[in-house]
Structure formats: structure tokens, C-alpha cells
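Report on the following structure.
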Amino acid sequence: QVQLVESGGGLVQPGGSLRLSCAASGSEFSSYDMGWSRQAPGKQRELVAGFSSGGNANYADSVKGRFTVSRDNAKNTVYLEMNSLKPEDTAVYYCYAYLFGKMSWGQGTQVTVSS
């Protein structure tokens, strides 16, 4: 099972930017569907952005045009570039990896958007 470690969260003002990173251990990184979900207090976890097995990036409607997901297979790392952040983006962000019916999650990193 792949191990995932997120970093890059923090406190940012509305309109600001952050970049999250997720480093994965193990082999066959390029074979995994990778991406990001988030969970705000009192809400269900939701998919934010990720890569499907076909290699296409998908985004939640609420982040389209503001967030960009990317991956560097040579570094076993997936990124989430977040721009024009809003208070409603405040949540714990989780990296995920999916392969052959197995889902792995990172420990999460807190993102707080507040003035």
C-alpha cells in the first residue's frame, strides 16, 4: 500500500494562494489515480481535483479556474496549486491514491482562508 504525506497547508488571506504537495512512497506511482479531496467542519469529504486513469484532470465546479492539479512522476509527487482562495475553501485537504480497487489517504493538511 502506498504511503502519502501532504505538506503546504496554512493560513492565508482571501484572494491569496497556496501550493499543496503530496509525496508518495513505493513503486508504480505513475499507475495510480492521484488527487485531492477536502473536508470542512460539519461537512462530508468532497473531491477537489484529481487525475483519472486516462490521465485527464478533473475538478469540482467550485474550484474550476482557481485550482490546478499536477503530478511529477519522477518525484512521486502530486501538487495542488490553489489561487484566489475563498473562506469557503477552508478545510482539511487530503491526498489520495487509487489503484486496482484500493484507496490510500494521507494524514491531511489544514488550509484556513481568513482575514
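For the chain, the antiparallel share of DSSP beta bridges with both residues in that region comes to about 90%. The Rg/Rh ratio for the chain, using Cα coordinates for both the radius of gyration and the Kirkwood hydrodynamic radius, is 0.95. More than 11 Å apart: what percent of Cα pairs in region 58-103 qualify? Here the long-distance tail beyond 11 Å is 75 percent of all Cα pairs in region 58-103.
Candidate cross-link partners of LYS75 among the lysines, defined by an alpha-carbon separation under 22 Å and a same-chain spacing of 8 or more, comprise LYS102.
Every number here is computed from the coordinates shown, using simple stated rules; none is lab data. Note that the structure is predicted; figures quoted are calculated from it, not measured.
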